[in-house]
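Please read the structure below before turning to the comments.
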Amino acid sequence: MRVSVSGKQFVFPRSCACCGAYPLTELTVIGAEKNRRARTQGWTWEIPHCLKCKKHVKATEILFLVTLALTALTVIAGFVVGLITHYWTFGLATGAVTLFTVSIASWIAWRILRAKCSENCWGLTRSVIYLGSSGSCHSFDIKSGFYASDFVLANHHKVVNASPKVASILRNTSFGNYQVPRRMIRKGD
């Protein structure tokens, strides 16, 4: 769920953003953009996670990078074999078989990582992703439904550009009856 909030400091609920367990550690979300004077401005937020979820998120990121590197090496190796042997079909076949093997090994590793997650985990990847900003309006993509709801409730005074889902979360609260999420627009739009 996309949640847009205005400000610089936000309340991130004290529960694991992935599974909802008590958080003992954090994962950093980083964002940066250039302002009008071509200066880069950066933000970091610490998102609470339990140890188990932080471990599977980091393992997933490493697995993705290793799979990407092995895929690139496989394609390059196929071309090199084709160049050395002057049999392009042999080089391409070698590359295809190796690529298939890398794909199967990667799929098995993803399945093993998923099996180690608890049933409450949102998924293997990060559950809170920073999408960017426009001035002081920052947007987050929060994959976990319960954490998105808690985040919206904790930052209800800062919510802008509320989607229908975010507005329905606010409508079900006592303070939501008096708050109208405002629309932020740029000058000239």
Checklist entry - Could you give every pair whose Cβ atoms fall below 8 Å, whose first residue belongs to the stretch 46-62 and is closer than 24 Å to F10 by Cα and touching a residue at least 40 places away in the same chain (Cβ under 8 Å), and whose second residue is outside any helix (DSSP H, G or I) and among the aromatic types (F, W, Y), counting only separations of at least 6 or pairs across chains? => result I47/F12
Checklist outcome for this item: Looking across the stretch 117-141 at residues that are closer than 19 Å to V5 by Cα and aliphatic (A, V, I, L, M), the single one that is surrounded by the most Cβ atoms within 10 Å (Cβ to Cβ) is V128
Checklist entry - Is there any pair with a first residue in the stretch 86-110 that is touching a residue at least 40 places away in the same chain (Cβ under 8 Å) and a second that is part of a helix (DSSP H, G or I) and surrounded by 13 or more Cβ atoms within 10 Å (Cβ to Cβ) whose Cβ atoms are under 6 Å apart and which are 6 or more apart or on different chains, and what are they? => result S106/T67; A109/L63
Item to check | Test: P48 is surrounded by 14 or more Cβ atoms within 10 Å (Cβ to Cβ) and not in a strand (DSSP E or B) | outcome: no
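Is at least one residue of the stretch 82-91 out of contact with any helix residue (DSSP H, G or I) (no Cβ under 6 Å at 6 or more places or on another chain), in a helix (DSSP H, G or I) and among the aliphatic types (A, V, I, L, M)?
Yes, the stretch 82-91 has at least one match.
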Next on the checklist: Tally up the residues in the stretch 117-143 that are at pLDDT 90 or above, in a strand (DSSP E or B) and over 17 Å from N155 (Cβ atoms), please.
Outcome noted: 0
Checklist entry - Can you find even one residue in the stretch 11-20 that is in contact with a strand residue (DSSP E or B) (Cβ under 9 Å, 6 or more places away or on another chain), assigned to a loop (DSSP other than H, G, I, E, B), loosely packed, with under 15 Cβ neighbours inside 10 Å and not polar (S, T, N, Q)? => result yes
Checklist outcome for this item: Apart from one, (1) in a loop (DSSP other than H, G, I, E, B); (2) modelled with pLDDT of 85 or more; (3) over 18 Å from the mean Cα position of the chain (by Cα) all hold for R36; the odd one out is (2)
Next on the checklist: Can you find a residue that is under 23 Å from S15 (Cβ atoms), at pLDDT below 90 and touching a Leu at 6+ places or on another chain (Cβ under 6 Å) anywhere in the stretch 162-178?
Outcome noted: yes
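The values are calculated or read from the model by the stated rules, or taken from the named source; none is laboratory data. Being a predicted model, the structure only gives us computed values, none of them experimental. Positions of Cβ are backbone-derived with ideal geometry, glycine not excepted, and every protein chain shown enters the neighbour counts.
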